[in-house]
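The values are calculated or read from the model by the stated rules, or taken from the named source; none is laboratory data. Keep in mind it's a predicted model, so treat the numbers as computed, not measured. FYI the Cβ positions are ideal-geometry reconstructions off the backbone, even for glycines, and counts take in every protein chain you see. Ligands, DNA and RNA are stripped out before the accessible areas are found, and what is left, the full protein with its side chains, is counted by its heavy atoms. Shrake-Rupley method; radii C 1.70, N 1.55, O 1.52, S 1.80 Å.
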Amino acid sequence: QVRVAESGGGLVQAGGSLRLFCAASGITFRANAINWYRQAPGKQREFVAAISVGGSTIYTESVKGRFTISRDDAKNTVYLQMSALKPEDTAVYYCNVPRSNGDYWGKGTLVTVSS
C-alpha cells in the first residue's frame, strides 16, 4: 500500500523559515519525481516546486530564491525548505507523486504565516 505523508507545517511570523517533509512508502522512491503543491483558503491548488529523479528542480515564480526542494532517497524523504516566508505563503502544502496511472497525494500540512 502506498502512503504519502507531509509534516513540518506550523505557525511562523513573516520573514521566518519552516522545513516541510514528505515521506513516502510502498513505492520505489528513488525512481519517482516528487512535487509540492499548495492550496490557500478560497483558492485552487497550485504547483510550488518539483524535483526529478536526478535531482533537477523547478519552482513557481513566486517562491524562487526563497524555497528549496531537495531529496534524500536513502530516507525516502523530500524536503521543502521555506525561507523569507510571507503571509501569502499561508496554505495547506501537499506532496504529490506523479504517476501515469494516477497520482499519489498526501493529506497535507498547514503552514500559516502571520504578518
Going through the range 91-108 in order, the residues found to be without any contact (Cβ under 8 Å) to a residue 40 or more places away in the chain and closer than 20 Å to Lys43 by Cβ are Asp103
Of the listed residues (Thr60, Thr109), the one being hydroxyl-bearing (Ser, Thr, Tyr) and either closer than 17 Å to Phe21 by Cα or open to solvent by 40 Å² or more (accessible area, probe 1.4 Å) (or both) is Thr109
Residue hits (the range 92-115; on the phi > 0 side of the Ramachandran plot and either assigned to a strand (DSSP E or B) or out of contact with any Asp or Glu (no Cβ under 7 Å at 6 or more places or on another chain) (or both)) are Gly102
Checking Gly8, Gly16 in turn, the sole residue that is surrounded by 14 or more Cβ atoms within 10 Å (Cβ to Cβ) and over 14 Å from Gly106 (Cβ atoms) turns out to be Gly16
Filter result for Asn76 (over 13 Å from the mean Cα position of the chain (by Cα), closer than 15 Å to Arg3 by Cβ and surrounded by 13 or more Cβ atoms within 10 Å (Cβ to Cβ)) = yes
So the strands (runs of 3 or more DSSP E) completely within the range 1-90 holding 2 or more residues that are touching a residue at least 24 places away in the same chain (Cβ under 8 Å) are 3-7, 10-13, 18-25, 34-39, 46-51, 67-72, 77-82
